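The values are calculated or read from the model by the stated rules, or taken from the named source; none is laboratory data. Computed from a predicted structure; not experimentally measured. Neighbour counts run over all protein chains shown; Cβ positions are idealised from the backbone, glycine included. Please note that ligands, DNA and RNA were not included when accessible areas were found on the heavy atoms of the full protein model with its side chains. Shrake-Rupley method; radii C 1.70, N 1.55, O 1.52, S 1.80 Å.
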Amino acid sequence: MNFTRKFNVLIIEEITHSKLTQSLPKLEALNVCYISDWSKVDSNYKYFSIRDESAEKLLGAFCLFFSKRKGMLHLSNPPFFQNCGLWIDSQGKNLYYQNSYQKKILKSLADFLGTYNWVNISFPPECIDMQPFYWEGFVCKVRYTYRLRTTEFNELNNASKGLKSSIKALKYKKISIHRKLDSQATALLENSSLQGRKQTESDYFKKLLEVLKTLETFSVVKAEVKQGAGVSCGVRVGDTLVYLFGGVEKTEGLSLGTASLYELISNELETNLELIDFEGSMIPGVERYFRSFGAELIPFYNVTKEPALLGVKKALNI
């Protein structure tokens, strides 16, 4: 299938991960989508470039996942990633030119996505101009995540009293800390992350973990006592630690999930870490937990478009 599209003077076309990152090595330090070639996990992961037809210089890049749902093509973020990793080159002499340039890029992206019937995609928090998607008929919604500066993590000045008490108590407990993704840690992550997921998504998750384990920037911590364990894992993207997954066995009066996450972040502080990104904060219980660290609530945008047939089925409750 040919995924190349031309919009005015801009061209959006599929590109290999190697060619993309060779042209723009800094992408690997900007978003999880680029730290590995996820198309090797599944060929439905596809990378795209945005360029001017008059030059080879790349103006933008993003990653999408193509799948079949109800017999129809569906475009989404890569599975288990918060957004599509959209990157736009910064250009412009002043704010007018900068905004106009970004509008041009986003208009071409909205036109590109508009050629498909079923789309559900989120953008990095830095991308706030949703007007081209409104104009193209997409439904635009706000979602949220939390981000925490490492200076705030060190002091925990803005953290909840409960979190401070838990961390203080952990220092006096006999907790074993392990930094390997062993079978128990893997099982905890799968049990937590795959609840309600389809088998195909379970397969993607397992393949994803196998790739993550090979990356030098990936880290995992398992906090263990006799009666249970908690595990947290994340990946470094530039100066940011992106929290990916966690899991815990229930224990009486001891937060092993907090212990594993606290140790995960603390271990990364030694390597010029500036920011912790708690991805996936739309679930009430998870949101409350991340909020307890005193992190800053960050909005990001999601755009959707559904096939007319799907709307009819919903209306008829089929």
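Say a paramagnetic label sat at a point 7 Å from the Cα of Asp182, along Cα to Cβ; which residues of the stretch 217-235 have their backbone N under 14 Å from it? Taking a point 7 Å out along Cα→Cβ of Asp182, the residues of the stretch 217-235 whose backbone N falls under 14 Å are 221-231. Residues considered: Thr271, Thr150, Thr21. Largest GNM mean-square fluctuation over the chain, using C-alpha springs under 10 Å, is found at Thr271. Where is the GNM fluctuation largest for the chain (alpha-carbon springs, 10 angstrom cutoff): Asn94, Asn83, Asn272? For the chain, modelled as a Gaussian network with Cα springs under 10 Å, the answer is Asn94.
Please work out the average accessible area per residue across the stretch 72-213, using the 1.4 Å probe convention, and give it in Å².
55
Charge dipole of the chain (Cα centre as origin; +1 on each Lys and Arg Cβ, -1 on each Asp and Glu Cβ, all else neutral): 780 debye, rounded to the nearest 20. Estimated at the nearest 10 Å², the accessible area of Cys127 is 10 Å² with a 1.4 Å probe. For the chain, find the longest principal axis of its Cα atoms and tell me its angle to the long axis of helix 95-114, 0 to 90°, nearest 10. Here the helix axis deviates by roughly 80 degrees.
Taking every protein chain into account, the 1.4 Å probe leaves Ile15 with about 20 Å² of accessible area, to the nearest ten. How large a share of the accessible area of the stretch 41-85, in percent, is made up of carbon and sulfur atoms when the probe is 1.4 Å and the other protein chains stay in place? For the stretch 41-85, the apolar C and S fraction of the accessible surface comes to 45 percent.
Summed over qualifying helices (DSSP H, 4 residues or more, each -39500 (n - 2.57)) and divided by its residue number, the chain shows a 222 nm mean residue ellipticity of -9500 deg cm²/dmol. I need the calculated FRET efficiency for the pair Glu216 and Glu56, taking r as the beta carbon distance and R₀ as 30 Å, to the nearest 0.05. About 0.45, to the nearest 0.05. Note that the stretch 56-191 carries a Kirkwood radius of 19.2 Å, evaluated over its alpha carbons pair by pair. The accessible surface of the stretch 218-278, taken with every protein chain in place and a 1.4 Å probe, is 42 percent carbon and sulfur. Averaging Cα coordinates gives a centre for the stretch 14-89 and one for the stretch 200-277; these two points are 25 Å apart. On the principal axes of its alpha carbon atoms, the stretch 140-211 extends 44, 42, 22 Å, with the longest extent given first. By the Cβ distance rule of under 4.7 Å, the chain has these cysteines without a partner: Cys84, Cys127, Cys140, Cys233. The translational diffusion coefficient of the chain, from Stokes-Einstein at 4 °C and 1.567 mPa s with a Kirkwood hydrodynamic radius over alpha carbon pairs, comes to 61 µm²/s. Could you name the aspartates and glutamates in cross-link range of Lys173, using Cα to Cα under 20 Å and dropping any fewer than eight places away on the same chain? List returned: Glu224, Glu249, Glu252, Glu263. Of all lysines in the structure, the ones whose alpha carbon falls short of 25 Å from that of Lys180, not counting any fewer than 8 places away in one chain, are Lys40, Lys168, Lys171, Lys206, Lys207, Lys213, Lys222, Lys226, Lys250. Solvent-accessible area of Ile283, all protein chains in place: 110 Å² (probe radius 1.4 Å, heavy atoms, ligands and nucleic acids excluded).
Partners of Lys93 within straight-line reach, counting lysines whose Cα lies under 23 Å from its Cα and excluding those fewer than 8 residues away in the same chain: Lys26, Lys57, Lys103, Lys104, Lys107. Here the gap between Ile128 and Lys168, fully extended at 0.36 nm per residue and compared with their Cα-Cα distance, gives a gain of 10.5 nm.
One chain, two ends: Lys26 and Tyr116. Fully extended at 0.36 nm per residue, the span grows by 29.4 nm beyond their Cα-Cα distance. Along the charge dipole of the chain, pointing to its positive end and built from +1/-1 on Cβ of Lys, Arg, Asp and Glu, which listed residue (Trp87, Ile105, Val303) has its Cα farthest out? So the residue we want is Val303. The GNM of the chain, with springs linking C-alpha atoms under 10 angstrom apart, assigns the highest mean-square fluctuation among Gly294, Gly92, Gly238 to Gly92.
The orientation-averaged projected area of the convex hull spanned by the Cα atoms of the stretch 86-127 comes to 3.2 nm².
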